[in-house]
Each structure stands twice: as C-alpha cells, then as structure tokens.
Amino acid sequence: MRRMGIFGLWLAVILGLAGCNLAITPSAPSAGTGTTELTVFAAASLTDAFNEVGKNFEAANPGVKLTFNFAGSQQLAQQLGQGAPADVFASANGKQMDVAITAGRIVTGTARTFVRNRLLVIAPKDNPGQVKTLQDLAKPGLKLVFAAKEVPVGQYALDFLDKATKDGSLGADYKDTVLANVVSYEDNVRSVLAKITLGEGDAGIVYSTDAFSVTDKVERIDIPDNLNTLASYPIATITDSANADLAKKFVDYVFTTDAQTVLAKYGFIPTNGSATGAAPATLSTFAAWSITPQN
C-alpha cells in the first residue's frame, strides 16, 4: 500500500507539473499564425492591376494576405448572393453591384466608383479575318468572340451595336449582321481575350485595359466615343466581412494616389475626386499606345 501511495504521489506531481507547463508555456506558432487574410472578389478585367495593387497593400500592411477571386462580375455577384464569404467586391458595372446590394451583402450607398474603362475591338496579330475597321465586323463568315450579355463587357458590346445601328453610319442592319458572326459567348472578358490571342476567333470586343496587357499579340480597332461606353467600376465592403476594418482600409487604399497610379499604368481611367488623394482622370496613359484609327 505504501508503494502504491508513493507511486500515486509521484504521478500526481508529474501530472501537476505537466498541467503547469501547459498553462504557462505557449505553443510554437504555426505557419501563417498572425496573418490576416482578406478576400477580394474582383472583375476579371482587374486581374493584372489588382495583383500589383494587392502586393503593394500587403507590403504596407505586414501580416495581411490578400486573396483574390477574379471572374465575371455576374458570377461574383451570384456567388455573393449565395452566401460566399468575402470582404470586398469590385465590379465592372453598377448592375452587378446592385445584385449584391439586393442580396444584402453590400449596404446601399456605400459603393464608390474607383476607375473607368472603355471598349476596344481586337483581332489576332496575324489578322486572318482582315479586320481593319468596325465595318469589317459585319463581313460574312467572320468568327467573332463576345462575352455573354450577362457579363458587363458583353452588355456594353451590345450597347455599342445598338448605338452603331441607330447612328446608321455602319448600316441599318449592322447589329444583326455582326451578331450573326458571333461563334462564342464567354463568361468573362479574359476568356474573350484568350481566344483572340490564341487565334480561336477573328475578332472580339474587350476593354482597353485587356488589350493593353497584350499589345504585342493583337491588332486594335478603336471604337469612337459616340459609339463607346465609359464603364464605371464600383467597389464596396461586404456587410458581413470577418475583417470589416481591414476591408475598409483596402477600399480606401484603392482610391489613394499610389493605387490609382498603378491602375492607370494598366490602362484604366482613374477617378477624379471620388476620394481624397485620388489621381485625376486622364487618358495620358494611352499616349504612347497607338490605336488603329477608325475610318
């Protein structure tokens, strides 16, 4: 009995020391401990620019990791409506931002326009379809690649065709003849860009910023202002963000001169007065980037 008593005493001491050790000795930090992850849903056309903006934001905020979900704005709005976790939403148009607002993921009145964009027709560099002017889009047998109408750039392309048809300068049946040549409707603008650069289509309509990223792989045909659309990109924090303060900090950062300069570098038209420190609106970025004139 005495031997059992001594054993029990030692066991109690050991367990007591172990308990004290667990209570006062912190565990070794695991990989990633102390890192706050921020999830940003952003229109596909923002891919290149936001990747750089994100790296700069991370550098200025040690311990922060940005995770981007790039896709068509309509896909992102749908995901948000289905409850996908996110902290920030940057859309390529107000319509899809409104979808997120209606779903209760964005507070009405909090979305702000942070950049603008415009349309451009592109063709593969070797230009097998000989697309030189807007009129050429109506040539029989041409293979065109558009974004679906649910995608902001897809709707903007339809708006361009409506304006051109109403204008009459390209023919009363211009919209119908152009649409008859469309062989594929993509779910985001980067898919349109990829198919044209790979030669899987004779021409497509994208944003100027998309073509800006592949100037050596495509021919560009300008769409004049009276037929074009100046696309506005709104951004806002998600109502149930797990990191609301940090989400707001990122949104505010997007309006700073540093971030706006990066966006302008990738061809976006900066905002003017949307937030303190925002870069002035300018098209000077395009000055050294020649665009085929429209005859």
Problem - Per-region count, the range 162-181, residues in contact with a strand residue (DSSP E or B) (Cβ under 9 Å, 6 or more places away or on another chain) and closer than 24 Å to Ser91 by Cβ - result: 0
Exercise for the section: Inspect the range 179-187 for any residue being of a type in the set (S, T, N, Q) and modelled with pLDDT under 95 and give the result as yes or no. Expected result: no
Practice task
Being surrounded by fewer than 15 Cβ atoms within 10 Å (Cβ to Cβ) and either of a type in the set (A, V, I, L, M, F, W, C) or not in a loop (DSSP other than H, G, I, E, B) (or both) is the filter here, so list the residues in the range 122-151 that pass it.
Solution key: none
Problem - Filtered residue count, the range 44-85, keeping only those that are within 16 Å of Ile106 (Cα to Cα) and not in a helix (DSSP H, G or I) - result: 4
Exercise for the section: Assess whether Leu246 counts as being outside the structural domain of Ser208 (by TED's automatic domain parsing), modelled with pLDDT of 95 or more and closer than 23 Å to Tyr156 by Cα. Expected result: no
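The values are calculated or read from the model by the stated rules, or taken from the named source; none is laboratory data. Predicted, not measured: the structure shown is a model, and the values here were computed from it. Methodologically, a virtual Cβ is constructed for each residue, glycine included, from the backbone with ideal geometry; neighbour enumeration extends over all protein chains shown.
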